[in-house]
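J.: Got a structure for you, written out below as structure tokens; questions coming shortly.
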Amino acid sequence: MNPVSTDSSDGRAKRDKCSAPQGSITRIGQTTGELFDDIRDFLAQHPGLSMDAILKLTYAVFAILFAECAEIWPFVSIVAPDAWGSTLLLRMIECVSVGSLHLGELTLSALLTLPPIPQNTLLLIDQVSPNKELERTLRIMSRTGARILRNGKFYNLCFPTLVCTAEPLRDRWILDQAVQIELKPSLRPTPKFSPESLNESSRQLRGKLTRYYELNIAKVRDSHFDASEFSSPTREIAAMLGNSLPDDPSLHRCLLKLLEPQDRDVRIRRTDSIAAVVTEACLFLSHESGRSQARAGEICDIVNGISKGRDENLELDPRAVGNHLRALGLFSERLGRAGRGIRFSKQIRRKIHELAEAYEVRTALNNSLCEFCGEVRSHNNAPNGGK
């Protein structure tokens, strides 16, 4: 299959003229890429999906097929304010799912009453408004390999999941693990599918996917696709999606372009997190000439100043800053009459710089007089990031 462009003007992903490996055969005469096209073209009939959304859903279809091979929870979050559009989309997704269970609402107690279902069964959660119970349940489900204990029994609740809501999920911890898709309102008429045509499409596409699974399960188990340029958790999402298409480099290249905006969003929000701002304040103070320590109150003042300068509605007190320092592994101690704070020992300075690199703080690690900034630069300039 040739590389796919995600910015097609006619609503279809176009191929360029470069040649690429054809991939495995799913049936006589059909390659992996051609099966990908079949699913993409079927989903493209929905007028509310952008091409990016169509491609993300198509990748997700393949990943869900191999859920038992995924190292993270196969999860798709769809925001769909249009009721009829979301109803049609869920029906179309059922057509390209080898097994699915459509639930109108999800609660933990209801999930525990489900009879045993195959591991690759897709849970389609159709819930208008996200709430704390839904997000609590999704958090539990997201722990791959974990089990929940109820009434003396262990339950495995980790299933491939697609959640369709009218409003976005509020829990960013969950959302960061999702293939994020938006269903936009469309002025185009919604196509009218007869039950017979949908059933026939479902029969054909499910048959092809089942055949693809049988021919490729061993390859998927041994696949190690890695989007090393992405940060976690986008890197894990890319691996989950890419591993399900193990022999098509062109689809891997398309996947990387597709997930770039989501990875940028994760990085930006990480640099604005409380942990990142506390780290940035410590970094700033550690670079002050002659400074050997910093009181929690001083760190607090810098944190609140950074937040105010970025128009963030955040104001911490010294006790809260102390809690965040502890969570970062920067343990405070009594600084005589000055109160509690941290001493800038060599070990603590190195720790601060490691945290600053991990959280990608906005203050550049390029202080020419700081040996630890030099260590970070040397690490980043080494082959494979010093690995």
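A short reminder: the numbers here are calculations on the coordinates, not readings from a lab. Note that the structure is a prediction, hence the values are computed from the model and not measured. With ideal geometry, Cβ positions are generated from the backbone for all residues, glycine too; neighbour counts draw on all protein chains shown.
J.: Give me, ordered by chain and number, the residues 5 or more places off Leu123 or on other chains with an amide H under 5 Å from its own placed amide H.
T.: Amide H to amide H, under 5 Å and 5 or more residues apart or across chains, Leu123 pairs with Leu101, Thr161, Leu162.
J.: Per 0.36 nm of contour for each residue apart, how much would the distance between Ala166 and Arg253 grow if the chain were fully extended, relative to their Cα-Cα spacing?
T.: On the way: separation 87, 0.36 × 87 = 31.32 nm, distance 3.14 nm.
Here the segment from Ala166 to Arg253 would lengthen by 28.2 nm.
J.: Taking θ = phi - 60°, what integer Hz values does the Karplus form 6.51 cos²θ - 1.76 cosθ + 1.60 yield along region 324-331, in sequence order, with x for Gly and Pro?
T.: In residue order, the calculated couplings are 5, 4, 4, 5, 7, x, 9, 6 Hz.
J.: Would you kindly state how much longer the chain becomes between Lys184 and Ser197 on full extension, computed as 0.36 nm times their sequence separation minus their alpha carbon distance, in nm to one decimal? Mind showing how you got there, number by number?
T.: Numbers: separation 13, 0.36 × 13 = 4.68 nm, distance 2.45 nm.
This chain segment gains 2.2 nm when fully extended.
J.: Given Cβ point charges of +1 (Lys, Arg) and -1 (Asp, Glu) and nothing else, what value in debye, to the nearest 20, does the dipole of region 25-269 about its Cα centre take? If you can, show how the numbers build up before the last one.
T.: Working: 28 positive and 29 negative charges, 96 e Å.
With Lys and Arg at +1 and Asp and Glu at -1, about 460 debye.
J.: On to the next question. In debye, nearest 20, what is the charge dipole magnitude of region 277-387 about its Cα centre with +1 on Lys and Arg Cβ and -1 on Asp and Glu Cβ, if you could check?
T.: Working: 17 positive and 14 negative charges, 97 e Å.
Dipole magnitude for region 277-387 comes out near 460 debye.
J.: Let me ask you something else. How long is the gain from Ser345 to Glu333 if the chain were fully straight, where each residue apart is worth 0.36 nm and the alpha carbon distance is subtracted? Mind showing how you got there, number by number?
T.: Numbers: separation 12, 0.36 × 12 = 4.32 nm, distance 1.23 nm.
Full extension from Ser345 to Glu333 adds 3.1 nm.
J.: Separate question: Given R₀ = 30 Å, FRET efficiency for Ala83-Thr113 by Cβ-Cβ distance, to 0.05?
T.: On the way: r = 27 Å, r/R0 = 0.92.
The computed FRET efficiency comes out at 0.65.
J.: Taking a ≥ b ≥ c as the square roots of the eigenvalues of the Cα gyration tensor of region 25-269, is the shape rounded (a/c under 1.5), prolate (a/b larger than b/c) or oblate?
T.: On the way: a/c = 1.24, a/b = 1.12, b/c = 1.10.
Verdict is rounded for region 25-269.
J.: Using Cα atoms only, what is the angle between the long axis of helix 132-141 and the major principal axis of the chain, expressed in degrees (0 to 90) to the nearest 10?
T.: Taking the Cα atoms of the chain, the angle to 132-141 is about 80 degrees.
J.: Can you run phi through the Karplus equation (6.51, -1.76, 1.60; θ = phi - 60°) for region 64-77 and list ³J(HN,Hα) in whole Hz, with x for Gly and Pro?
T.: Along region 64-77, the couplings run 5, 4, 10, 4, 5, 9, 6, 7, 10, 6, x, 9, 10, 10 Hz.
J.: I've got another one for you. For the modelled label position 7 Å from the Cα of Lys132 along Cα-to-Cβ, which residues of region 264-285 have backbone nitrogen atoms closer than 20 Å?
T.: Flagged as within label range: none.
J.: With a cut-off of 8 Å between alpha carbons and a minimum separation of six or more residues, what is the relative contact order of region 242-387 in percent? Each step should come with its number before you reach the end.
T.: On the way: 146 pairs, mean separation 34.0, N = 146.
Here the relative contact order equals 23 percent.
J.: Right, here's the next one. FRET efficiency for Leu149 and Arg326, Cβ-Cβ distance as r, R0 = 25 Å, nearest 0.05?
T.: Working: r = 30 Å, r/R0 = 1.19.
Efficiency for this residue pair is about 0.25.
J.: Find the relative contact order for the chain and round it to a whole percent, using C-alpha pairs within less than 8 Å whose residues are 6+ positions apart.
T.: Numbers: 582 pairs, mean separation 64.9, N = 387.
Computed over the chain, the figure is 17 percent.
J.: How large is ³J(HN,Hα), in whole Hz, for each residue of region 337-345 in order, when computed from phi with the Karplus curve 6.51 cos²θ - 1.76 cosθ + 1.60 and θ = phi - 60°, using x for Gly and Pro?
T.: 6, 6, x, 8, x, 10, 9, 8, 6
J.: Among the DSSP beta bridges whose two residues both lie in the chain, what percent are antiparallel, rounded to the nearest 5?
T.: For the chain, the DSSP antiparallel bridge percentage is about 40.
J.: Could you grab the relative contact order for region 52-132? Cα pairs under 8 Å, six or more apart, rounded to a whole percent. Walk me through the numbers on the way to the answer.
T.: On the way: 51 pairs, mean separation 25.9, N = 81.
Once divided by the residue count of region 52-132, the mean separation gives 32 percent.
J.: Related question: Once amide H atoms are placed 1.01 Å from N in the peptide plane, what residues at a sequence separation of 5 or more from Gln45, or on another chain, have their amide H within under 5 Å of its amide H?
T.: When sequence neighbours closer than 5 places are left aside, there are no close amide H contacts.
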